[in-house]
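A short worksheet on the structure shown next.
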Amino acid sequence: MAEIIVVTSGKGGVGKTTSSASVACGLARRGHKVAVIDFDVGLRNLDLIMGCERRVVYDFVNVISGEAGLKQALIKDKRFDNLFVLAASQTRDKDALTTEGVEKVLKDLSDEGFDYIVCDSPAGIEKGAFLAMYFADQAIVVVNPEVSSVRDSDRILGLLASKTKRAENGERVKEHLLLTRYSPKRVETGEMLSVGDVEEILGLKTIGVIPESGDVLNASNKGEPVILETESDAAQAYDDAVSRLLGEDRPMRFTQVEKKGFFSKMFGG
């Protein structure tokens, strides 16, 4: 059975799609067969970040409505043979997604031997977001370390605990906190919440801390998930997060202000 992971948040613009793409690539790079699905009907972005926007012929809604087969709609990643993208529709309404349709697609992917299905959720609590999380086994809750993002994510945690299939069966979706755009300097000056602050408010354990970095935007503009920019701090942070998702123990990096060495202080480096 495929493990279904939803990447979700209450607030838009926190880095869900960037995170979905990087998590999917990180899992595929470790040899797992992975599908990543864009649930944001009408506003698709996942195909851009994955660099396959020109190869979209059929989309998620086409499969659900029976206009195309799953194999026709899945786009094989050019970097990993075991990674596939299912794009969202740009022209349909969010009501085109149905519980039955989503369930069938997820079952068919599982039957095709996929190990992981990453569901890139739209922001908020509308239908697409509800369906992205409904069948999830695990949830990566993406949060910026600011009060509004944390508050909105608290609402999402309430839905994960009450409005999912696992909740209906008396079970829990396994929840992970992923902090994005983190700046230790701004935490020190009190402009930003710390990792500990966010963990305490949400009652979640952090799976990764992604530092504030221009590399994220640069990678997105190139159609390259940032995790593949191996020299980047953000790439290393995403790779650490994927390792923790798979149960490995990794020290949490990029949470402290780098202390300057003696020569840096002397010569202003």
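How big, in percent, is the set of alpha carbon pairs in region 86-228 lying more than 18 Å apart?
Working: 6506 of 10153 pairs.
Pairs farther apart than 18 Å: 64 percent.
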- Message: Probe radius 1.4 Å, ligands and nucleic acids ignored: give me the carbon and sulfur share of the accessible area of region 1-160 as a rounded percent.
- Response: 48 percent
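For n ≥ 4 DSSP H runs only, could you compute -39500 (n - 2.57) per run for the chain, divide by its residues and tell me the 222 nm figure to the nearest 500?
Numbers: 13 runs with 109 residues, N = 269.
That calculation yields -11000 deg cm²/dmol at 222 nm.
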- Cα-projected label distance for Lys165 with Ser194, points at 7 Å along beta-carbon direction, nm: 4.1 nm
- Message: Using 24 Å as the Cα-Cα cut-off, could you pick out the over-long pairs in Lys76/Lys205; Lys76/Lys165; Lys33/Lys104; Lys78/Lys104?
- Response: Lys76/Lys205; Lys76/Lys165; Lys78/Lys104
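Given the Cα atoms of region 3-137, and with Rh set as the inverse mean 1/r over their pairs in the Kirkwood sense, what is Rg to Rh to two decimals? Each step should come with its number before you reach the end.
Numbers: Rg = 13.1 Å, Rh = 14.3 Å.
Reported Rg/Rh (Cα atoms, Kirkwood Rh): 0.91.
How would you rank 164-170, 236-242, highest first, on the average number of other Cβ atoms within 10 Å across their residues?
Values: 164-170: 13.6, 236-242: 23.0.
My ranking of the peptides, most packed first, is 236-242, 164-170.
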- Qualifying trypsin sites (Lys or Arg not before Pro) for region 48-104 [loop in DSSP, other Cβ within 10 Å: at most 14]: Lys78, Arg79
- Extension length gain for Glu248 and Gln90 (0.36 nm per residue less Cα distance), in nm, is 53.1 nm
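Taking the Cβ-Cβ separation of Arg79 and Val257 as r and a Förster radius of 30 Å, what is the calculated FRET efficiency to the nearest 0.05? The partial results should precede the final answer.
Numbers: r = 34 Å, r/R0 = 1.14.
Between Arg79 and Val257 the formula returns 0.30.
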- Give me the distance between the Cα centres of region 52-101 and region 1-20, rounded to whole Å. 17 Å
- Under 5 Å, built H, 5+ apart or other chain: amide partners of Glu175: Ala139
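The values are calculated or read from the model by the stated rules, or taken from the named source; none is laboratory data. None of these values were measured; they are calculated from a predicted model. Glycine also receives a Cβ, built like all others from the backbone with ideal geometry; neighbour counts cover every protein chain displayed. Just the protein is used for accessible areas: all its heavy atoms, side chains included, with ligands, DNA and RNA removed. Shrake-Rupley method; radii C 1.70, N 1.55, O 1.52, S 1.80 Å.
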